[in-house]
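Have a look at this one before I ask anything.
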Amino acid sequence: MRQKLAAGNWKMHGTRASLVEVRALVAAHPDPAVEVLICPPATLLAWMDAEIGQAPIRTGGQDCHAAASGAHTGDIAAAMLADAGASHVILGHSERRADHGEADATVRAKTEAAHAADLTAIVCVGETLAERDAGRTLDVVSGQLAGSLPDGARGRNTVVAYEPVWAIGTGRTPTEAQIAEVHAHIRAELRARFGAAEAERFRLLYGGSVKPANAAGIFAIAEVDGALVGGASLKAADFSAIISALEQAPAPG
Ligand code: PEP
């Protein structure tokens, strides 16, 4: 059975003062029934790891370079994230695709680098509003999956996050039927590529304006194994409510 995952993406928010939120989260969830992950800015990774101590909350990066090391000013290698305590890394987030021109091939190479460093890659896919309006959502997601996932992807080292670009940070969310349709499509694509048994092991997250108020409804949708949460992961009270909703959601397949 797939383990549910509540993943927080702090994006470019947070300083050491923000660790107070992590302290509160650890206190609120000393023994979470789901996997809990926070992906802070890289500057906070080691501090956060120290703050978490032995508590069962994991940390992750928000990006890594495809190379193991080298002359890449400002970039971070996957092994460096692992060295700072990370167990996961978000790759191909739409903000990286848009702000840094990351193409599927780049995301794929980064995912391979993450796997080589024993990190779990959270690979993001999702359509823009124009693509949805043009009826191209499933085609876009298929293309991103085919291009971004390496052949070595497996359920144990890769999570797929469906994040419609128009729902990120906007307060807008797709309907439950729209989320269900795309998640079923992703599962079918994984089946076609990796085989039926392996496909069942990949966790599929929904991301885009998940909040305490809508979390339970989203977590009740078939094939939703958890969430990638941006804004609402910054405050322990909000993220804690989302974690609790996930703990109470029906068991994934
Ligand atoms: C995200 O950045 O991955 C995200 C889903 O953001 P938000 O929850 O703020 O929409």
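Where in the range 42-140 are there helices (runs of 4 or more DSSP H), lying fully within it, with 1 or more residues that are closer than 16 Å to N9 by Cα and open to solvent by 50 Å² or more (accessible area, probe 1.4 Å)?
Numbers: elements: 45-52, 78-83, 94-99, 104-116, 129-133.
Answer list for the range 42-140: 45-52, 94-99.
Yes or no, residue by residue, for (1) part of a helix (DSSP H, G or I); (2) within 16 Å of the ligand (Cβ to nearest atom); (3) modelled with pLDDT of 95 or more:
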| residue | (1), (2), (3) |
| --- | --- |
| I179 | yes, yes, yes |
| V182 | yes, yes, yes |
| L190 | yes, no, yes |
| Y206 | no, yes, yes |
| S209 | no, yes, yes |
| I218 | yes, yes, yes |
| A237 | yes, yes, yes |
| S240 | yes, yes, yes |
| S244 | yes, no, yes |
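Let me ask something additional. With more than 24 Å from V26 (Cα to Cα), hydrophobic (A, V, I, L, M, F, W, C), surrounded by fewer than 20 Cβ atoms within 10 Å (Cβ to Cβ) and out of contact with any Pro (no Cβ under 7 Å at 6 or more places or on another chain) as the only criterion, which of A222, A213 stands out?
A222
Return only the number of the condition from (1) open to solvent by less than 30 Å² (accessible area, probe 1.4 Å); (2) within 14 Å of the ligand (Cβ to nearest atom); (3) not aliphatic (A, V, I, L, M) that N157 does not satisfy.
(2)
While we're on this one: Being away from the ligand (no atom under 16 Å from the Cβ) and of a type in the set (D, E) is the filter here; which residues of the range 64-110 pass it? It would help to see each step written out before you state the result.
So the first thing to find is which residues in the range 64-110 are away from the ligand (no atom under 16 Å from the Cβ), and the list is 64-87, 101, 103-106, 108-110.
Across the range 64-110, the qualifying residues are D75, D83, D104.
A further question on this structure: Given the structure, is L228 open to solvent by less than 10 Å² (accessible area, probe 1.4 Å), in contact with a His (Cβ under 7 Å, 6 or more places away or on another chain), closer than 15 Å to C124 by Cβ and not in a loop (DSSP other than H, G, I, E, B)? Let's see the steps before the verdict.
Details: open to solvent by less than 10 Å² (accessible area, probe 1.4 Å): yes; in contact with a His (Cβ under 7 Å, 6 or more places away or on another chain): no; closer than 15 Å to C124 by Cβ: yes; not in a loop (DSSP other than H, G, I, E, B): yes.
Judged against the criteria, L228 is not a match.
The values are calculated or read from the model by the stated rules, or taken from the named source; none is laboratory data. Just so it is clear, the structure is predicted and the values come from calculations on it, not from any experiment. Glycine also receives a Cβ, built like all others from the backbone with ideal geometry; neighbour counts cover every protein chain displayed. For accessibility, only protein heavy atoms count, side chains too; no ligands or nucleic acids. Shrake-Rupley method; radii C 1.70, N 1.55, O 1.52, S 1.80 Å.
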